[in-house]
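Enquirer: Pasting in a structure now, in structure tokens, and then I'll have a few things to ask.
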Amino acid sequence: MTEHVPSTGLQMVSRVTKEARLEVTLVDQPIAEPRDDQVVVKVLATPINPSDLGLLFGAADMSSATATTRDGHPLVTAEVPPGGMRAMAGRLDEAMPIGNEGAGIVVKAGASDAAQALLGKTVAMLGGAMYAQYRVLRVADCMVLPDGTAPADGASCFVNPLTSLAMTEVMRREGHTALIHTAAASNLGQMLVKICLKDGIPLVNVVRSPAQAELLRGIGAQHVADSSQPDFLDTLTAMIVETGATLAFDAIGGGKLAGQLLACMEAAAVKRMTTYSRYGSDTFKQVYIYGGLDVAPTTLNRNSFGFSWALGGFLLTPFLVKVGPAVVQQMRDRVVAELTTTFASHYTHEISLVEALQPEVFAAYNRRATGAKYLICPHRTE
């Protein structure tokens, strides 16, 4: 495949200045010549994931955001409160490119056989800086998609699919037999429902509205607990009793939910006890926080879940390093094989790089509403 590759392409960058101001803009980024083991990919689709928003807007108060222009490109600025500046100390005055993953077509390749073999192929990519028109990256960071795959179908091949598979892998490795997942109506949550149905894993899904509960039941979810209902905790406990779940992955992060998950797992464990213990059950219960849909402090009532428990954080990349390349390749192979079924992503909005920095648009996707998924198409024209 031969396609003209320009000398520069648009790229979105985020900067927090020493003056406590966030600046998000587009820049004309030079497109480097690929080294032997690299390719140039024309980025055609890249999703907005919650993990991207943390880098995109940092700790800025987006209610103070204003939109202007700089060098003919959109510029969004916002104030960063003092508490946020402490968290941003490591990135001050650094223009940071955004976007964890994406998909596109390889339009130029380095000299190696592996790079040349990708020329003209549609690939999914992981490696950051995907909110750009072109991306230069290693062959190892590309995953070839089946012929005929639309870039939008491959854009979310890594973060959500591999995270959902990682959850079941953690379950097996740590000796659990069932899972609990919050924000379960998300794209990732729907993938996890399909994985667990296919693999015979009991799964308790926590959602935040009747509509979300209905959505999950429509794709086969058997245990759905709606936190908006007055009997939520009783329902959740009953489902934990039925499934035996002792492991939870929490996308909410802040507030009481992580503690409620531990308390309900403990209540379920106590129901199975034959003798009373003032220390609670000896059933080990684990909650991993992997998201921050609620940025408030995490609140735990330690008296409600005994002494055999743990609360920790979970990130995909350290997990992939830990399990090693063989396991990661198995996970990747499964994603490709089930790309349009188990791991299908659904987008509610497709926007350009310029549109992504329009006030009404970034205000919408920054709400992080479950079920609202935005896809950036960097070569889309207004």
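Enquirer: I want to confirm something. Restricting to region 218-247 and keeping residues that are in contact (Cβ under 8 Å) with a residue 60 or more places away in the chain and small (G, A, S), which single residue is most open to solvent (accessible area, probe 1.4 Å)?
Expert: G244
Enquirer: Oh, and also: Could you list, ordered by first residue, the pairs with Cβ atoms under 6 Å in which the first is in region 27-38 and open to solvent by less than 40 Å² (accessible area, probe 1.4 Å) and the second is of a type in the set (A, V, I, L, M, F, W, C), at least 6 apart or interchain?
Expert: Pairs found: P34/V40; P34/V136; Q38/V136.
Enquirer: Among the residues of region 321-346, count how many are open to solvent by 50 Å² or more (accessible area, probe 1.4 Å) and touching a residue at least 60 places away in the same chain (Cβ under 8 Å).
Expert: 4
Enquirer: Got a sec? Which of G90, G127 is open to solvent by 20 Å² or more (accessible area, probe 1.4 Å), over 17 Å from V361 (Cβ atoms) and touching a helix residue (DSSP H, G or I) at 6+ places or on another chain (Cβ under 6 Å)?
Expert: Answer to the check: G127.
Enquirer: Let me ask another. Among the candidates G99, G58, G83, G104, single out the residue that is touching a strand residue (DSSP E or B) at 6+ places or on another chain (Cβ under 6 Å), of a type outside the set (A, V, I, L, M, F, W, C) and modelled with pLDDT under 95.
Expert: Going through G99, G58, G83, G104 in turn, the sole match is G58.
Enquirer: Here is a further query. Test each condition in (1) surrounded by 16 or more Cβ atoms within 10 Å (Cβ to Cβ); (2) outside any loop (DSSP other than H, G, I, E, B) for E360 and report the one that comes out false.
Expert: Just one mismatch for E360, condition (1).
Enquirer: Still on this structure: Which pairs have Cβ atoms under 6 Å, sit 6 or more apart or on different chains, and link a residue in region 124-142 that is closer than 19 Å to Q329 by Cα to one that is crowded, with 21+ Cβ neighbours inside 10 Å and among the aromatic types (F, W, Y)?
Expert: L126/F158
Enquirer: What number of residues within region 184-208 are more than 20 Å from V335 (Cβ to Cβ), open to solvent by 10 Å² or more (accessible area, probe 1.4 Å) and in contact (Cβ under 8 Å) with a residue 60 or more places away in the chain?
Expert: Total satisfying the criteria: 1.
Enquirer: Kindly indicate which of L311, L262 is assigned to a strand (DSSP E or B) and under 29 Å from the mean Cα position of the chain (by Cα).
Expert: L311
Enquirer: Residues in region 149-191 that are among the β-branched types (V, I, T) and within 11 Å of the chain's Cα centre (by Cα): how many?
Expert: 2
Enquirer: Just to be sure, is T77 farther than 23 Å from P151 by Cα, exposed (fewer than 15 other Cβ atoms within 10 Å of the Cβ) and of a type in the set (S, T, Y)?
Expert: Considered against the rule, which asks whether it is farther than 23 Å from P151 by Cα, exposed (fewer than 15 other Cβ atoms within 10 Å of the Cβ) and of a type in the set (S, T, Y), T77 comes out as no.
The values are calculated or read from the model by the stated rules, or taken from the named source; none is laboratory data. Small disclaimer: the values here were computed from a predicted structure and weren't measured. Neighbour counts are summed over all protein chains in view; Cβ atoms, including those assigned to glycine, are modelled from backbone coordinates with ideal geometry. Only protein heavy atoms, including side chains, enter the accessible area calculation; ligands, DNA and RNA are left aside. Shrake-Rupley method; radii C 1.70, N 1.55, O 1.52, S 1.80 Å.
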